[in-house]
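Asker: A single structure is presented below for examination.
The values are calculated or read from the model by the stated rules, or taken from the named source; none is laboratory data. Because the structure is a prediction, the values reported are computed rather than measured. Please note: Cβ atoms are built from the backbone with ideal geometry, for glycine as well, and neighbour counts cover all protein chains shown. Note: areas computed on protein heavy atoms with side chains; ligands, DNA, RNA excluded. Shrake-Rupley method; radii C 1.70, N 1.55, O 1.52, S 1.80 Å.
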Amino acid sequence: MHIESSRSARSPKAATFLRIPVLLAVGMMTMGSGMGNPGCGSSSPPDCEEGCAIEGTYTLQFADSSPPGEGCEALGFGLPQGPLVLTLSDSYVTAKFGDETLSAYYEGEPARRLYFSTAQYLTEKKVRRTVRIDSTVAAPSPRSATDRSVIEGTYDLEILASEDNSVKCHIKRNFTATR
């Protein structure tokens with residue numbers, strides 16, 4: 001005697017229909033694992049999407065343009081001269097600021113922050129030079145290369161003796177750069 005259940009006849013068909021939701025659920029759970037979406041574990045910076053047209057040559061003006069002091073002048077350091085020149089590739093910004101070439105990531109709106117930092121040892125003078133530029137692109141950030149752009153921030157140069165970390169020169173000045 002052969003008994004056939006209606007349930008067993010539908011099983012292959014039901015399994016076929018369940019495959020799609022199961023595959024979608026697995027795909028959603030594995031986002032960020034290298035299967036498409038980079039997710040939170042991504043090592044690359046986010047791309048700049050809004051207010052990214054900061055590239056160009058900016059006229060630099062310091063709030064205080066007085067000489068930096070004898071210690072700095074004796075070592076040959078002073079305020080950067082000339083313009084601030086920015087180039088942008090994806091979210092990577094290169095800044096030519098006086099004699100310094102610095103780089104940082106820029107995400108655009110809403111943060112609009114540009115933070116550059118570099119340090120190097122100058123062995124011939126036995127000193128360590130650190131340069132930090134902490135700045136913000138003023139709102140509204142530029143949407144095109146012809147939009148006015150203003151960057152406001154702080155330029156911070158510190159020269160330390162490598163033997164005892166004593167400060168030989170410290171220049172910290174607010175600036176405005178306008179394109």
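Asker: For segment 56-178, with the dipole built from +1 on Lys and Arg beta-carbon atoms and -1 on Asp and Glu ones, taken about the Cα centre, which of S162, Q120, V93 lies farthest toward the positive end?
Answerer: V93
Asker: I need the trypsin sites (Lys or Arg not before Pro) found in segment 139-171, filtered to DSSP loop residues with at most 11 other beta carbons within 10 Å of theirs.
Answerer: R148
Asker: Give the Rg (one decimal place) followed by the Dmax (whole number) of segment 39-179, computed from C-alpha coordinates and expressed in Å.
Answerer: 16.5, 52
Asker: When only Cα pairs under 8 Å and 6 or more residues apart are kept, what is the percent relative contact order across segment 56-178? Can you show the working numbers first?
Answerer: Values: 253 pairs, mean separation 29.1, N = 123.
Answer for segment 56-178 is 24 percent.
Asker: Now a separate question. With every protein chain kept in the model, how would you rank D90, D156, D64 by accessible area, 1.4 Å probe, largest at the top?
Answerer: Highest to lowest solvent-accessible surface, that is D90, D64, D156.
Asker: What number comes out for the charge environment of P140, summing +1 per Lys or Arg and -1 per Asp or Glu over other residues with Cβ under 13 Å away?
Answerer: 0
Asker: A further question on this structure: Starting from the 7 Å offset along Cα-to-Cβ, what nm value, one decimal, do you get for the label separation of K126 and D47?
Answerer: 5.2 nm
Asker: If the only charges are +1 at each Lys and Arg Cβ and -1 at each Asp and Glu Cβ, what is the size of the charge dipole of segment 56-178 around the Cα centre, to the nearest 20 debye?
Answerer: 100 debye
Asker: Which order do Y155, Y105, Y115 take when ranked by solvent-accessible area (1.4 Å probe, heavy atoms of all protein chains), largest first?
Answerer: My answer, sorted largest first, is Y105, Y115, Y155.
Asker: With a Förster radius of 35 Å, plug the Cβ-Cβ distance of D164 and R113 into 1/(1 + (r/R0)^6) and report the FRET value to the nearest 0.05. Each step should come with its number before you reach the end.
Answerer: Numbers: r = 34 Å, r/R0 = 0.97.
About 0.55, to the nearest 0.05.
Asker: Round to the nearest 10 and report in Å² the accessible area of T176, as given by a 1.4 Å probe over the protein chains' heavy atoms.
Answerer: Estimated to the nearest 10 Å², T176 gives 50 Å².
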